[in-house]
Every structure is written in C-alpha cells, then in structure tokens.
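Here's the structure, in structure tokens; my notes come after.
Each reported figure results from applying straightforward, stated rules to the coordinates on display, with no laboratory input. Bear in mind that the values here come from a model prediction, so they are computed numbers and not experimental data. Here the Cβ is made from the backbone with ideal geometry for all residues, glycine too, and neighbour counts use every protein chain on show.
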Amino acid sequence: MSDRLRKFGRRSIKSAAAPLLRLAQEMKVNFGRNNRSAGGVMILGYHRVVADIDAAEREAIFGLLTSTETFRRHLEIVREQCEVLTLEEALGVLKGEKRVARPAAVITFDDGYRDNYDHALPVLRAMGLPATIFVSTGLIGTKQPLHHDRIYWLVTRARERRFDLGEVFEGCGLRAERIANLVAEKDAFRLVQQIVYLPFIVRERILDRLEAATGDEYPPGFELLSWEMIAEMEQSGISFGGHSDQHPVLTLEDSDTIEREIRRSKRALEDRLGRRARHFAYPNGRYNAAIKSLVARIGFDAALTTERRIANQGDDLHALARVGLCEESTRGMLGRYSEAVAQMRLLT
C-alpha cells in the first residue's frame, strides 16, 4: 500500500505542475531552450523497454521499466526539441569543441537487458537515433540475472509465501541488529534497496539462501544481451560502454575489487568489439573521488552517474549527470501516460 501511495503522491505533484508548463509554453516560454546553457547536454538514462508494462511491473522493479510506446513518445518529444547526439559528440559539446544549433540530448541505457535489442532497438532504428548502452560484461551472454533483479524477485516471492527472512539472513555476515531491521521493513521495495546496498559477497550469500528457499526460476525479462546482439546493434548506431564486470556497488567494495571490476569491463569490451572502450557508467550511480580517478586512469574518457541534472560545459567528464526515466516518470495522476507531464520532465 505504501508503494502505491508514494506513486500517487508523485503523480499528483507532476500533474499539478504540468498545466503551468503548458501555460508558459503558450506564452512562448520554452523552459527547455531558455534554461539550458549553450553548452548543456541532457543525457537520458533508461534501463529496460518492454512490450507489456503491466506484466513487467508485476515481476520487476518498476523504476527500471518503460513501455515501448512510452519510449517512442519520449523520443518524439526529444527529437522535436533537441539535437540528439552520440555520447562522443556530446562530449565534444561539453568540452567546447562542437557547437549545436539546438539543445543537445543523448540516449543511454544501463545494464544491457535483452529487451534493449528486442524493443528499444526497433524504435531507435525507425527514428534514426543513436544511443549508448552500458553493460556489465561478466554477465553478457550468460543466463545469470543481475543482482538487483534476483533480489527483487526472490524477496517478493518469499514475502508472498511468508517465509521467515530472519532465518535466510542469518549466517550471511550480518549483525543481529541489521537482520532485525531488515525483517522489520514492511515495504518490499525499501527492503530490496537495503539488500542491494550490501557488499557483493553478502548479497551473494543472501541470494544463495533465497534461491534454495524458493526454488523459483527467474522471469525471461531478466535476460541480458548476448555478444552477438551487441555486435549487430553496433551496426545500427548503438555504442557500448563499461558498467563493471559483475555490477557491484563500487563504493561498498575494497580497492582490489573495484580495480578488477573496472579493468575487466574495459578489457572485455575491447577484446569483443575490437575498439577502445571510451565510456563508463557507475553501477547504481555510486562513486567517490578515488573511484572516479581510477576510472580515468584506466582509460575511460568519461563516466556517467545517476545524479539528476543537465550536464554543462565545465562539468567533470568523469561525473556526468543524467535524467533518469521510466514508465512512472511520465504518468499522470490517473496512472496513465501524460503528454503534459512528459513535456515537463523532458524539456525542463
């Protein structure tokens, strides 16, 4: 119930603000153009694009999901108002080496889900738009879902079946107080977030115990890209960047693990694609000064966060902000896609 109330509250705020934006536009005030500096770039951040949003939201984290139709509508708005660039071209704008006549935008995806190939690629091809996908290279071509998907699926199934999660968490390297706090969390999404932000080895132990307890197979929507799909997508104007090897939250790991994750990601991309890997996205957007410096030293020209704002000239190229989007981002108060809310989110 609390999750539905939070969504309704956010939708109400967005729906109330949207008419003000429409009025301003009728008065010839375009927030997107007038408030963005000449060297600004709006970097859009997506994860999954799905055919059946209702089914997907029953089995996966809603904040990662966008329907094919909504994705297309987003890109129509962006293409009409912005110059859609490759990430490499956008870096030229941010460095002052390239000028564009209109506000600039970039399309990116994190994680490398198979539905990027199945559902996002046809839209991008039809509209003639480039994009960059950041992949966790150690999982590409395997049947192993990402940790956050595994955690969400298993925790929600365990809760539905009233499993004793305290027994699951015991023996995983957590203190008794931490276990008590996890068990006491009633909101499934917040519980999943707490587990996601545990060190990788602790998450692995929890997942092993949850998998043994539930015995469930994972939904097909959790499948990731194959290297063959990646090679085909590159021929359609899609570029690929690093997103670590196994998708740990880097700020929770020791220095050796952090360096290994970043180096393996870069090496795998370069070995598979036969070119230098230039761009990186921090898993879960988390980084610090040491990680940022290491990413640059290993040889990535730029790195993206999940900090929400427009990237501008003078910004640190290894801590670039993005505008994260999902289906929920552009729903109105009644829970359906709202053109006014989409205009507000994409052009302000």
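With 10 angstrom as the radius, rank 329, 136, 255, 226 by how many other C-beta atoms surround their C-beta, starting from the fewest.
On the way: 329 19, 136 26, 255 10, 226 15.
Placing the least packed residue first, the sequence is 255, 226, 329, 136.
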Taking Cα atoms, the helix 200-214 axis meets the longest principal axis of the chain at an angle in degrees (rounded to 10) of 60
The exposure ranking of 227, 153, fewest beta-carbon neighbours within 10 Å first, is 227, 153
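Once the convex hull of the alpha carbons of the chain is built, what does its volume come to per residue, in cubic angstrom? Don't skip to the end; give the middle numbers.
Details: hull volume 47.4 nm³, N = 348.
In the chain, the Cα convex hull volume per residue is 136 Å³.
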Amide H neighbours of residue 83 at under 5 Å, excluding residues fewer than 5 places away on the same chain, with H built from the backbone geometry, are 102, 104, 105
For region 104-150 the chymotrypsin sites (Phe, Trp or Tyr not before Pro) that pass both the DSSP coil test and the at-most-16 other-Cβ-within-10 Å test are none
Final fewest-first order of 261, 228 on the 10 Å Cβ neighbour count is 228, 261
D (µm²/s, integer) via Stokes-Einstein for region 147-217, Kirkwood Rh across alpha-carbon pairs, 10 °C, 1.306 mPa s: value 134
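Per DSSP H run of at least 4 residues, take -39500 (n - 2.57); add these up for the chain, divide by its residues and hand me the 222 nm value, nearest 500 deg cm²/dmol. Could you put the intermediate results ahead of the total?
Working: 15 runs with 163 residues, N = 348.
Helix-only estimate at 222 nm: -14000 deg cm²/dmol.
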